[in-house]
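Worksheet: one structure, shown below.
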């Protein structure tokens, strides 16, 4: 995500571009976001996501990285709400942010539509780290493994 001037237009453009790159053999035409669409962004988003989700294979995920860049943009949260409403079974939306979830996300966590994974949850224990390093390269000795664990802070 980027805090540029046209967050909504960029979002829909890059989602269309990504879909085309991930499914090069499929011929499709997703709706194009224009200035007129900004007047009813929810209606546009509903049509856009229904069509996009129809193209995606089951078990696909949309990943929005750096959401902290646009966390104060009300249009993004409207679009995200629509996307979550239109999201079919088997697809996921993943939002990655360096900040705690905004109020919208908190409400979703109450309905169990959101799983909040914080950085503490992602850290390996020393034993998990050693097992992972051993899986990557069984020849790494225990001292190097411990040094890597300490350097990475889990």
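The numbers here are math on the coordinates, done by the rules we state, and not lab data. Quick caveat, the model's predicted, so the values are computed rather than measured. Using ideal geometry, Cβ is built from the backbone for each residue, glycine included, and neighbour counts are taken over all protein chains shown.
A compact table of results
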item	result
Ranked packing of 20-30, 85-95, 38-48, most packed first, by mean Cβ within 10 Å	38-48, 85-95, 20-30
Computed E for residue 20/residue 50 - FRET, C-beta separation, R0 22 angstrom, nearest 0.05	0.80
Label point at residue 63 placed 7 Å out along Cα→Cβ; residues across the stretch 120-154 whose backbone nitrogen lies under 17 Å	122-123
Ellipsoid semi-axes in whole angstrom, largest first, where each is sqrt(5λ) of the Cα gyration tensor of the stretch 23-88	21, 16, 11
